[in-house]
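Down below is the structure, laid out as structure tokens.
The values are calculated or read from the model by the stated rules, or taken from the named source; none is laboratory data. Only a predicted model underlies this, so the values are computations on that prediction, with no experimental measurement involved. Every residue, glycine among them, receives a Cβ derived from its backbone with ideal geometry; neighbour counts consider all protein chains shown.
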Amino acid sequence: MLRVGLTGSIGVGKSFVAGVLAELGCHVLDADLTAREVVEPNSVALGKVVAEFGTEVLQSDGALDRTKLGALVFGDAQRRSTLNSILHPYIIARQDELLRESEAVDPDGIAVVDAALMIESGGYKRFDKLIVVHCRPEVQLQRLMLRNSLSREEAEKRINAQMGQEEKKKFADYLIDTSEGFDDTRRQTEKVYAALRQELKLNQEER
């Protein structure tokens, strides 16, 4: 099985690319869903989050209040780093478990993990290939403002809290530019998929 990382900054259209790859037959794992799984009530990871950030990050039913936790860490790089250092090992372990399950079912397939912080966490190193989705900065800003009903200032703050697009692009094996909309992005994604199939074929021939 070929293991592929899919990443990109906020508001660049990564989810659309993930959807196209799934349509084409890839096994796509969403890191956001994995992140929710590992902090379910009574989980070890949630216990560590509460120990660090206090019981105010819990809802009355014992579930994580993501909004409150987000408010605590969003503007504080140190606390955000602490949270990531707690959660990333659990998220990566769960992803690896799901990848093994996919490989058992479809050993000749392509598995794609869709994760925004893959480069920052170092998780990208586990993959055979890395796709970085990007777009022009003004397009990213407009999309984020529209999608999340944010002011320009709020959107810029969220964008600036992440690693910049140009830096992420340096890590890529494949780049997909979503600036020109859905149809153009789909064409690029199909080309990348064809390249991944070829890569898988070469790997199989080398065995």
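Assorted remarks:
- Residue in segment 107-119 that is surrounded by the most Cβ atoms within 10 Å (Cβ to Cβ), counting only those that are at pLDDT below 95 and in a loop (DSSP other than H, G, I, E, B): Ala115
- Within segment 120-167, being crowded, with 17+ Cβ neighbours inside 10 Å and among the small types (Gly, Ala, Ser) holds for Ser121, Gly123, Ala155.
- Residue satisfying all of: in segment 168-191; within 15 Å of Val4 (Cβ to Cβ) and in contact with a helix residue (DSSP H, G or I) (Cβ under 8 Å, 6 or more places away or on another chain); surrounded by the most Cβ atoms within 10 Å (Cβ to Cβ) among these: Ile176
- One residue stands out in segment 192-207 among those that are surrounded by 12 or more Cβ atoms within 10 Å (Cβ to Cβ) and of a type in the set (A, V, I, L, M): the one that is nearest to Val139 (Cα to Cα), namely Val192.
- Any hit, segment 148-157, residues being part of a helix (DSSP H, G or I), under 21 Å from the mean Cα position of the chain (by Cα) and modelled with pLDDT of 95 or more: no
- Here the helices (runs of 4 or more DSSP H) wholly within segment 4-94 that include at least 3 residues being modelled with pLDDT under 95 and surrounded by 13 or more Cβ atoms within 10 Å (Cβ to Cβ) are 31-38, 66-73.
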